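Here is the structure we will look at, set down as structure tokens.
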Amino acid sequence: MTGIAMSAWWLLFPLLGVVVGVLAGLLGVGGGLVLVAALVWLLPLMGVPPEAAMHAALASSLASIILTAAASARAHARRGSVLWPTVAWMVPGLLVGGWLGSGAAVQIGDDVLRWIVAGYCLLAAAQLQFGRPRQGGATGQPAPRGWPILAAGGGIGALSAVVGIGGGSMTVPLLVWRGVAPVRAVGTSSACGVAIGFASAVGYAMHAPAGALPAHAIGYVYLPAAIGVAIASIFAAPLGTRLAHRLHGDALKRIFAVFLVVVAVSLLVTGAI
């Protein structure tokens, strides 16, 4: 592929970041799953070996989450929506879980990873379609702390690393169940996503075999994808947030649930070709 053609292909990563950012701002979850499915298709066109595309998609998605989650957490922190004591308790577990999860994922075959991610897409779709509305507690509710939160962070970090997401679809329901108001649960989850993205991306970079990807990569992290998506998604997320206040939430959830089912099927079909 010529330099001009390669540069043209690279422009797709910021465009993809816009889509992911809008989805993240619109619904709060699911952007990472969409990104993984898109990268699985796109990265082989950039010279990534097909047998490494799934691992590279997961690693690059998680690396992009670092900046995206940090920007979201900063905005929530300005409004006092981040429960920092809870973040402090969860972060050690998230870091260990993200590191161990990425190490385990590197040892899992491409086909098995596709089934795992596709299965998680279907679970997320079911949650969007059939889950009850979040209630949570009052804004003055004490921040959850202690070893159960620490242990939960380990599990969330590990699973997030394997499926390439920031953990919001698990962290938010957990905190709401513990009595946290939804807006504070989302803000706290955003801060936790930084730790998940960092530990997991570093794990995919360091656990990868030598020469796993061609140029422009650190281990399994394909830098043009991670950077291009991250920068664009930071600017696109506020647009999704504004749209969320104008459109009917229940209809959006049903549409996105169907979309996640399509993502799951596309992952399996791509792997079978």
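The values are calculated or read from the model by the stated rules, or taken from the named source; none is laboratory data. Given the structure is predicted, the values throughout are model-derived calculations rather than measurements. Glycine gets a Cβ as well: all are built from the backbone with ideal geometry, and neighbour counts include every protein chain shown. Heavy atoms of the whole protein, side chains included, go into the accessibility calculation; ligands, DNA and RNA do not. Shrake-Rupley method; radii C 1.70, N 1.55, O 1.52, S 1.80 Å.
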Looking only at the range 110-120, and only at residues there that are open to solvent by 40 Å² or more (accessible area, probe 1.4 Å) and touching a residue at least 40 places away in the same chain (Cβ under 8 Å), the one that is nearest to S160 (Cα to Cα): I116
Answer residue from the range 211-222, given it is modelled with pLDDT of 90 or more and of a type outside the set (G, A, S) and is surrounded by the fewest Cβ atoms within 10 Å (Cβ to Cβ) among those: I218
Tally of residues being surrounded by 15 or more Cβ atoms within 10 Å (Cβ to Cβ), over 10 Å from L267 (Cβ atoms) and at pLDDT 85 or above across the range 121-135: 1
Enumeration of residues in the range 82-92 that are open to solvent by 10 Å² or more (accessible area, probe 1.4 Å), closer than 18 Å to R184 by Cβ and not hydrophobic (A, V, I, L, M, F, W, C): P85
Some residue of the range 86-93 being outside any helix (DSSP H, G or I), touching a residue at least 40 places away in the same chain (Cβ under 8 Å) and farther than 19 Å from H207 by Cβ: no
Qualifying residue in the range 185-199 (condition: open to solvent by 20 Å² or more (accessible area, probe 1.4 Å), over 19 Å from G17 (Cα atoms) and modelled with pLDDT under 90): yes
Answer residue from the range 136-159, given it is modelled with pLDDT under 80 and open to solvent by less than 90 Å² (accessible area, probe 1.4 Å) and is nearest to G101 (Cα to Cα) among those: G136
Residue satisfying all of: in the range 223-235; surrounded by fewer than 21 Cβ atoms within 10 Å (Cβ to Cβ) and within 16 Å of the chain's Cα centre (by Cα); modelled with the lowest pLDDT among these: I234
Residues within the range 67-101 that are more than 13 Å from I165 (Cβ to Cβ) and modelled with pLDDT under 90, tallied: 14
Top-ranked residue in the range 160-177 [being among the β-branched types (V, I, T) and either touching a Phe, Trp or Tyr at 6+ places or on another chain (Cβ under 9 Å) or open to solvent by less than 20 Å² (accessible area, probe 1.4 Å) (or both); ranked as farthest from L128 (Cα to Cα)]: V162
Qualifying residue in the range 45-67 (condition: under 14 Å from the mean Cα position of the chain (by Cα), closer than 19 Å to P14 by Cα and open to solvent by 40 Å² or more (accessible area, probe 1.4 Å)): yes
Number of positions in the range 93-109 that are over 15 Å from L150 (Cα atoms) and crowded, with 22+ Cβ neighbours inside 10 Å: 3
